[in-house]
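Taking it in order: structure first as structure tokens, then the write-up.
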Amino acid sequence: MVYLLHKSFDGEEKREEVVMAYGIMLSEMYRRDCWHVNAKDALDGEEEYLYSLNEAHLDMLIGNQVPHPHASLPMGHGRRETPSILRACASTADIPADIVKIYSYFHSNAPSQLLNYKILSSPSSTRHDRYKMLEYGDAGDDGDGDEVESWSLNLEVNPRLISNSESTLIDRPPPFSDQVLENVLENVLCFLTSRRDRNAASLVCKSWFNAEAQSRPELFIGNCYAVSPARAIFRFPRIRSLILKGKPRFADFNLVPSGWGASFSPWVAAMASAYPWLQRICLKRMTVTDADLALVACSFPSFRDLCLICCDGFTTAGLAAIAENCRCLHSLDLIENDVEDDEDEVVDWISRFPPGKTCLESLVFDCVRFIVNFEALEALVARSPSLWRLRVNEHVSVGFLCRLMAWAPQLTDLGTGSFSSLDEEDDFDDTLELAFKASKSLVCLSGFRDLAPEYLCAIYPVCTNLISLNFSYAQITAEQLKPVITNCHNLQILWILDSVRDEGLQMVAATCKKLRELRVFPLDATEDSEVSVSDVGLTAISEGCQKLQSILYFCQSMTNAAVVAMSKNCQDLVVFRLCIMGRHRPDHLTGEPMDEGFGAIVNNCKKLTRLAVSGLLTDKAFAYIGNYGKSVRTLSVAFAGNSDLGLSYVLEGCPNLQKLEIRDSPFGDSGLLSGSHHYYNMRFLWMSSCKISLKGCMEVARRLPLMGLEVITDSLEDDNNGVVEKLYMYRSLVGPRNDAPPFVKLL
């Protein structure tokens, strides 16, 4: 079990909190008589850890899979006869350091009842020495640590497996209170912040399942239709933070019709009475009404943080309700939302914040396209001494920006607004530069929505300290970029438009050696737009920024050689998204498909979890992904492939695939059905403008009754003769949703 959890937990395997969790688990399983060791294998230097979970849960723990919706949780505690297939063997060299840390930690901190597991000496020692039990702190370490590295854990619980001549039986410790265990366990679980870690911990046994549910402070739901609000509340009764996602990602590209769903109303209505202590809500691609925001503001007295990303349905009236009634508000972050006021109905929401000193730490409203009350905003900033992030909208000119910065020199994250002056304003060159010089803590800079190039020199004083720079709204040239980027030696995140061309990217590569994330967006996203960045820029980045972990790169032309160079120079890549605008574009030098380039990415970048492919790709590229992309969790495909075989390669070869997005590709029913064995383990599948039929979708629905399948049309009049234009399939525990609009057909 130690071995299984050792392989299931995310992050650094030697973290102290995980080690503590191992120790509690060991004590629990030992006390409940769930462990026994095969003596013969122990003599050969290998222990078989046999445990009483069923086969499905063994597979889940080993493969870190998502449980089947019908799979029963491991509720039993007593020892049962364990079939031979349910075995996980681990070499004693796999976990010795963790075992020693467990032993040391509990010897110093745990009650005496928790210290009664024993350590067996190294398998390389003599047989006589191997039966000598080292108890408590007497480890026999001679000080150089060599012996410690080869110890293994031996929990002697089933004496029938060990002959009297070859072993010494250890008395089991006396049982101790379940309440003591649960109290200790809850204190241990609070150290686990990763959702995957907590999910793994909840599968150990019933007490871990219950303790994890009672102690989980944050709930993440990647699809609002995967579970009902009532079921989520019953499962996790003490949530203080909710992260909830709604529409598919292709809604960002207007591929999901308006009115599709993802309403926040049923969630907030259920949480209002169940979670009065709720402090944080983060929503992405949800439909949120003013009534929802008003209910949030009135239902949670300790509410602190609201983050809305790519949401719609609300107006400034809803923002006013939050500002007026949430007296403990720490952050209000509005990111890329569609705020739907009419010009004559805009509410002065900034002035609704209560008077006096505030707790505000973060205020982001750069997506709100209406003029704000600047005097009220200035007063709010002045009485918010803890404010560290401020991102204003395009109606805040450089003159107003200078005044805001004067009140908040402590800012570390600034969104500048328009970064140009109003017609009636004076020249602010010197004032703006002084404001930036005074902002010595500034490390993140964004905004520049209406950039006046003459003001760009004002940011030079802070460039040396910048970690993040977002020029994705600034149409700047390579010449304008040069004096800025040549001073950004500590930059780790850069978002930029392709107006800087390959020359600008070469400057980035020459200066930003610490760069971790790069996004290059198109100024003109049409297929026949002028070529701005190409394989030349990508090659320069791969050679100069070898610590790169994430890249999004829009371009008109690319070569296999440039992508292969990226795979060799930046092997720490976790995210690689190459978007070649235009359909089925090959290597522009050789005319060959882009198969070898993407094959090199999945082969050389072993940490890769997110991949977006485009250009002219054959089934060979998808065979590479299936063979080498074992860690890929999110795959986006556009205008690629030439038969169903390519989709089959991916669905059969990528065991960790969670999200699959496909558009304008020639995959049909055969490719769709080839993934029936894997869909229960995925969060969702999106296919649009492919060759799937209604008959094929209905067959998937018949095979997988617990999956939600939605056939989406753009209008009620669409008649495609049985061809499905858009398919959205997702894992669900509650069956078909009850709020589907007429243009959505549920299968």
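Here are the numbers for this structure:
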| read-out | value |
| --- | --- |
| Which numbered condition ASN627 fails, given (1) at pLDDT 95 or above; (2) open to solvent by less than 10 Å² (accessible area, probe 1.4 Å) | (2) |
| Filter result for the condition that a residue is open to solvent by less than 30 Å² (accessible area, probe 1.4 Å), of a type in the set (Ser, Thr, Tyr) and closer than 16 Å to PHE622 by Cα, over SER643, SER674 | SER674 |
| Positions within segment 597-608 being open to solvent by 10 Å² or more (accessible area, probe 1.4 Å) and outside any helix (DSSP H, G or I), in sequence order | LYS606, LYS607 |
| Qualifying residues in segment 724-747 (those that are under 11 Å from VAL711 (Cα atoms) and among the basic types (Lys, Arg)) - the one least open to solvent (accessible area, probe 1.4 Å) | LYS726 |
| Test for ARG703: is it under 20 Å from LEU746 (Cα atoms) and charged (D, E, K, R) | yes |
| Residue among LEU515, LEU497 that alone is among the hydrophobic types (A, V, I, L, M, F, W, C) and in contact with a Phe, Trp or Tyr (Cβ under 6 Å, 6 or more places away or on another chain) | LEU497 |
| Any hit, segment 704-715, residues being surrounded by fewer than 16 Cβ atoms within 10 Å (Cβ to Cβ) and under 18 Å from ASN254 (Cα atoms) | yes |
| Search result, residues across segment 358-369 that are under 17 Å from PHE448 (Cα atoms) and either more than 32 Å from the chain's Cα centre (by Cα) or open to solvent by 30 Å² or more (accessible area, probe 1.4 Å) (or both) | ASP366, ARG369 |
| Residue tally, condition open to solvent by 30 Å² or more (accessible area, probe 1.4 Å) and either in contact with a Gly (Cβ under 9 Å, 6 or more places away or on another chain) or modelled with pLDDT of 95 or more (or both), over segment 206-227 | 1 |
| Index of the failed condition, CYS402 passing every other in (1) of a type outside the set (D, E, K, R); (2) more than 25 Å from ASP342 (Cβ to Cβ); (3) not in a helix (DSSP H, G or I) | (3) |
| Selected residue (criterion: modelled with the highest pLDDT) from residues of segment 508-535 that are over 26 Å from ILE467 (Cα atoms) and open to solvent by 40 Å² or more (accessible area, probe 1.4 Å) | ASP524 |
| Meets criteria (at pLDDT 95 or above, more than 24 Å from ARG383 (Cβ to Cβ) and in contact with a strand residue (DSSP E or B) (Cβ under 9 Å, 6 or more places away or on another chain)) for ILE309 | yes |
| Segment 469-507 - residue that is in contact with a strand residue (DSSP E or B) (Cβ under 7 Å, 6 or more places away or on another chain) and of a type in the set (Phe, Trp, Tyr) and, of those, surrounded by the fewest Cβ atoms within 10 Å (Cβ to Cβ) | TRP495 |
| Elements of type helices (runs of 4 or more DSSP H) contained in segment 609-707, each with 2 or more residues being in contact with a Gly (Cβ under 6 Å, 6 or more places away or on another chain) | 619-628, 644-653, 669-673 |
| Filter result (out of contact with any strand residue (DSSP E or B) (no Cβ under 6 Å at 6 or more places or on another chain) and either aromatic (Phe, Trp, Tyr) or outside any loop (DSSP other than H, G, I, E, B) (or both)) within segment 390-399 | VAL398, GLY399 |
| Test result for ALA230, open to solvent by 60 Å² or more (accessible area, probe 1.4 Å), at pLDDT 90 or above and within 27 Å of MET682 (Cα to Cα) | yes |
| Given (1) modelled with pLDDT under 95; (2) crowded, with 16+ Cβ neighbours inside 10 Å; (3) of a type in the set (A, V, I, L, M), index of the condition ALA452 fails | (2) |
| Residue match in segment 375-389 (condition: closer than 19 Å to SER468 by Cβ and in a strand (DSSP E or B)) | yes |
| Hits in segment 560-584 (condition: assigned to a strand (DSSP E or B) and either open to solvent by less than 20 Å² (accessible area, probe 1.4 Å) or closer than 20 Å to VAL500 by Cβ (or both)) | PHE576, ARG577, LEU578, CYS579, ILE580 |
| Cross-chain or 6+ apart pairs with Cβ under 7 Å, segment 230-259 first and part of a loop (DSSP other than H, G, I, E, B), then among the aromatic types (Phe, Trp, Tyr) | ILE239/TYR275; ARG240/TRP277; LYS247/TRP260; PRO248/PHE684; PRO248/TRP686; PRO248/TYR728; VAL256/PHE250; PRO257/PHE743 |
| Lone unmet requirement of (1) closer than 21 Å to PHE521 by Cβ; (2) modelled with pLDDT of 90 or more; (3) surrounded by fewer than 19 Cβ atoms within 10 Å (Cβ to Cβ) for LYS437 | (1) |
| Number of positions in segment 268-285 that are within 22 Å of the chain's Cα centre (by Cα) and outside any loop (DSSP other than H, G, I, E, B) | 5 |
| Residue within segment 648-655 that is surrounded by fewer than 19 Cβ atoms within 10 Å (Cβ to Cβ) and among the aliphatic types (A, V, I, L, M) present | no |
| Residue that is nearest to LEU617 (Cα to Cα), among those in segment 536-559 that are open to solvent by 60 Å² or more (accessible area, probe 1.4 Å) and assigned to a helix (DSSP H, G or I) | VAL536 |
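The values are calculated or read from the model by the stated rules, or taken from the named source; none is laboratory data. Just so you know, these numbers come straight off a predicted model, no measurement behind them. Glycine also receives a Cβ, built like all others from the backbone with ideal geometry; neighbour counts cover every protein chain displayed. Just so you know, the surface numbers come from the protein's heavy atoms only, side chains and all, with ligands and any DNA or RNA stripped out. Shrake-Rupley method; radii C 1.70, N 1.55, O 1.52, S 1.80 Å.
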